[in-house]
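Read through the structure below, which is laid out as structure tokens, and then see the notes.
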Amino acid sequence: MKVVLNEEMRKIDKTTIEKYGIPGIILMENAGLGVVEEIIKDFKRDSNFTIICGRGNNGGDGFVIARHLYNKGYNVKVFIVGDSRDISKDALINFKIIQNLNINITNILDEKDLLKLKEGILSSTVVIDALFGTGLSSEVKGIASEVIKYMNKYSKYIFSVDVPSGICGDNGQVCSLAVKADKTITFGLKKCGNILYPGAEYCGELILKDIGIPREVVDLMNLKFNIITEEIVKDSIPIRKKDSHKGSYGKANVIAGSFGMTGAAILTCKSALRSGLGLLRLYIAESLNFIIKTNVPEAITVPLGEIRKGVIGINNIREILEGTKDADVLTIGPGCGNTSELSEILKRIIGEVDKPMVIDADGLNVLSKNVEWLSKKKSEIVITPHLGEMSRLTGLSIEEIKRNPIEVAKNFAQKWNVITVLKSARTIIASPKGEVFINVNGNPGMATAGCGDVLTGIITGFIAQGIEPLKAAIISVYIHGLTGDRVAEKKGEYGLVAGDIIEKLPYTIKDVIGR
Ligand SMILES: NC(=O)C1=CN([C@@H]2O[C@H](COP(=O)(O)OP(=O)(O)OC[C@H]3O[C@@H](n4cnc5c(N)ncnc54)[C@H](OP(=O)(O)O)[C@@H]3O)[C@@H](O)[C@H]2O)[C@H](O)CC1
Ligand SMILES: [K+]
């Protein structure tokens with residue numbers, strides 16, 4: 001499912017109107033009808049509606065909604081915010097129609113008009129937020145700020161039209177303040193701001209309505225941003241052949257764990273094995289070998305000489321490089337420790353290994369001091385930073401990254417030619433070609449130690465089976481989040497631990513693939 005930026009939606013609008021000849025007023029009518037269709041499902045005839053309209057086309061949708069609710073016998077009050085003399089063209093047509101009908105219209109020009117607005121909202125069952133949509137261009141200014149405050153303070157229930165007013169349609173950020181809707185009806189395509197936090201939270205329940213935009217207009221746009229759906233995932237996982245053997249499902253080499261941090265190695269290995277790969281070899285300091293063997297008997301361990309307790313050094317690089325020759329993927333980082341020894345090993349691996357790689361956790365912390373190494377890479381690399389690791393990799397603050405996660409992930413992926421899995425409440429996968437895949441499952445219960453290691457293991461497991469790294473990342477993020485949601489359904493978000501996801505992983509994979 002494609003998602004769009006404001007500008008892309010405007011272009012789609014323009015093409016639809018100018019190239020395909022569907023007048024904007026028709027799109028507006030369909031948009032308004034789409035909202036009314038949802039309203040009448042939830043609210044009986046004796047409901048009162050306050051419809052708060054801006055002067056743009058979002059407001060125009062509001063005028064259409066007012067007209068149809070009025071015609072259906074609902075009690076309707078319209079408030080137009082700003083000078084009603086400069087309403088946009090299509091909105092003006094609809095404004096004039098409701099003026100001809102016996103609909104109560106009040107102008108909100110300045111503070112003195114706010115009392116009427118408060119009375120209107122307090123006497124209404126539902127408030128319709130048609131103030132701003134994709135046209136919001138900056139921090140909310142003027143009397144609109146007060147209107148939004150009143151909506152949030154006095155409304156019993158809010159429907160937002162297209163985008164909650166005050167939310168930026170491009171990135172879901174709050175432009176100084178925003179309407180907290182119970183339900184948002186968006187049109188044509190979901191906006192990035194509808195699905196990225198905090199916008200996703202402000203939308204409440206999000207419903208997408210078709211307003212008659214021709215399919216080929218969307219196809220022509222060659223949109224690059226996608227929501228990960230089960231269909232995308234199903235199509236990407238190969239069906240296992242009957243006449244197959246362990247060797248058919250790939251070999252993964254993993255460099256993970258160090259003294260006091262064997263848990264990350266165990267979780268990574270377990271989740272990789274649970275993802276269906278054939279064979280997993282863990283390269284680890286020999287003093288930790290026993291712990292791994294007892295916890296992950298299915299993993300083959302390669303005990304290595306240690307520089308100091310639990311830490312392997314560059315003296316092992318020959319054996320590590322040799323071992324990658326028959327491997328299908330090499331993963332490095334979970335629980336390794338942010339050490340100079342890891343740095344020496346990572347530099348050699350990036351510069352010499354020609355197999356797909358996954359770099360996570362301490363591998364990323366080491367890399368963040370030497371990002372230029374990526375320009376020497378010999379293979380496809382998937383990196384899986386959380387916000388803190390991305391901050392270290394890019395030099396941006398976490399706040400800067402959260403303000404525009406898609407751009408940050410996309411820019412890094414294209415600049416360094418790596419598949420970037422930016423983990424957060426909405427995990428974003430960006431490819432070097434500028435494609436973006438946004439995951440919308442998962443829950444706050446997964447913000448717990450080890451969940452990142454589990455995701456790294458799943459990605460490792462799917463790449464090992466021959467799935468190309470970008471697809472493997474997409475599948476893994478989706479399945480990881482879906483499994484986390486299923487665990488949270490049963491155990492709640494507080495009690496969820498990484499091991500629960502590993503345990504439930506096979507069931508999710510079976511449900512998604514069907515076997
Ligand atoms: N295909 C579709 O999705 C369709 C969508 N429709 C609806 O149209 C809006 C987009 O309409 P647009 O006119 O481009 O813009 P908005 O109505 O969202 O907002 C413009 C008005 O908001 C004022 N504004 C903008 N920024 C600020 C701010 N920071 N503070 C205060 N006011 C602001 C702006 O005022 P100006 O003085 O800047 O002109 C405008 O008054 C989309 O979201 C859908 O709801 C179509 O109806 C159908 C097709
Ligand atoms: K709105």
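The values are calculated or read from the model by the stated rules, or taken from the named source; none is laboratory data. Note that this is a predicted model, so its numbers are computed, not measured. Neighbour counts run over all protein chains shown; Cβ positions are idealised from the backbone, glycine included. In case anyone asks, the SASA skips ligands and DNA or RNA and just uses the protein heavy atoms, side chains included. Shrake-Rupley method; radii C 1.70, N 1.55, O 1.52, S 1.80 Å.
Find out how many positive minus negative residues lie around I419, taking Lys and Arg as positive, Asp and Glu as negative, among other residues whose Cβ is under 14 Å from that of I419.
Charge balance in the 14 Å sphere: +2.
Just how large is the dipole of the chain about the Cα centre, in debye to the nearest 20, putting +1 at every Lys and Arg Cβ and -1 at every Asp and Glu Cβ? It would help to have the intermediate numbers written out before the result.
On the way: 65 positive and 60 negative charges, 89 e Å.
Computed about the Cα centre, the dipole is about 420 debye.
Can you work out the FRET efficiency for the pair E37 and Y494, with r the C-beta to C-beta distance and R0 = 45 Å, to the nearest 0.05? Mind dumping the intermediate values first?
On the way: r = 38 Å, r/R0 = 0.85.
Efficiency computed from Cβ-Cβ geometry: 0.70.
Express the relative contact order of segment 281-332 as a whole percentage, based on alpha carbon pairs under 8 Å and six or more residues apart in sequence.
RCO, segment 281-332: 33 percent.
How big is the charge dipole of segment 247-513 about its Cα centre, in debye rounded to the nearest 20, if each Lys and Arg gets +1 on its Cβ and each Asp and Glu gets -1 on its Cβ?
160
Please report the antiparallel percentage of DSSP beta bridges with both residues in the chain, rounded to the nearest 5.
Numbers: 10 of 65 bridges.
That works out to approximately 15 percent antiparallel.
If you roll a 1.4 Å probe over the chain with all protein chains in place, what percent of the accessible area is carbon or sulfur?
Using a 1.4 Å probe with all protein chains present, the chain comes out at 52 percent carbon and sulfur.
How tilted is helix 340-352 with respect to the longest principal axis of the chain? Cα atoms for both, answer in degrees (0 to 90, nearest 10).
Helix 340-352 and the main axis of the chain meet at about 80 degrees.
What whole-number distance in Å separates the alpha-carbon centres of segment 175-211 and segment 362-437?
26
Quick one: of the DSSP bridges fully inside segment 3-222, what percent are antiparallel, nearest 5?
Here the antiparallel bridges make up roughly 5 percent for segment 3-222.
Past 19 Å, Cα to Cα, is the threshold; run K376/K423; K118/K149; K96/K180; K11/K410; K270/K510 against it and keep the listed order. If you can, show how the numbers build up before the last one.
On the way: K376/K423 25 Å; K118/K149 10 Å; K96/K180 29 Å; K11/K410 21 Å; K270/K510 17 Å.
Cα-Cα > 19 Å for K376/K423; K96/K180; K11/K410; rest within.
Could you point to the residue in I266, A413, F63 farthest towards the positive end of the chain's charge dipole, with +1 and -1 charges on the Cβ of Lys/Arg and Asp/Glu respectively?
I266
Putting +1 on Lys and Arg Cβ atoms and -1 on Asp and Glu Cβ atoms, find which of V454, P334, T301 reaches farthest to the positive end of the dipole of the chain.
So the residue furthest toward the plus end is T301.
Check which residues have an amide H placed less than 5 Å from H386's amide H, if you skip close sequence neighbours.
Excluding prolines and chain starts, which carry no amide H, the hits are K423.
For the chain, take the longest principal axis of its alpha carbons; what is the angle in degrees between that and the long axis of helix 405-416, to the nearest 10 within 0 to 90?
40
Quickly rank 188-196, 437-445, 300-308, 279-287 as a protection proxy: mean count of other C-beta atoms within 10 Å, highest first.
Values: 188-196: 25.6, 437-445: 19.9, 300-308: 16.9, 279-287: 21.6.
Ranked by mean Cβ neighbours within 10 Å, highest first: 188-196, 279-287, 437-445, 300-308.
Explain nothing, just compute: Karplus ³J(HN,Hα) = 6.51 cos²θ - 1.76 cosθ + 1.60, θ = phi - 60°, for every residue of segment 287-294 in order, whole Hz, x for Gly and Pro.
5, 9, 4, 5, 4, 5, 4, 6
Just add up the charged neighbours of E201: K/R +1, D/E -1, any other residue whose Cβ is under 14 Å from the Cβ of E201. Walk me through the numbers before you get to the answer.
Working: positive: K180, K183, K402, R426; negative: D182, E205.
That works out to +2.
Which angle between 0 and 90 degrees, to the nearest 10, do you get for helix 6-18 versus the longest principal axis of the chain when only C-alpha atoms count?
50
Could you give me the radius of gyration and the Dmax of the chain, taking only the C-alpha atoms into account and expressing both in angstrom?
Here Rg and the maximum Cα pair distance are 26.7, 86 Å.
Distance between Cα centroids, segment 6-48 to segment 253-298: provide it in whole Å.
54
Just the number, please: percent antiparallel of the DSSP beta bridges in segment 247-513, rounded to the nearest 5.
Around 25 percent antiparallel, to the nearest 5.
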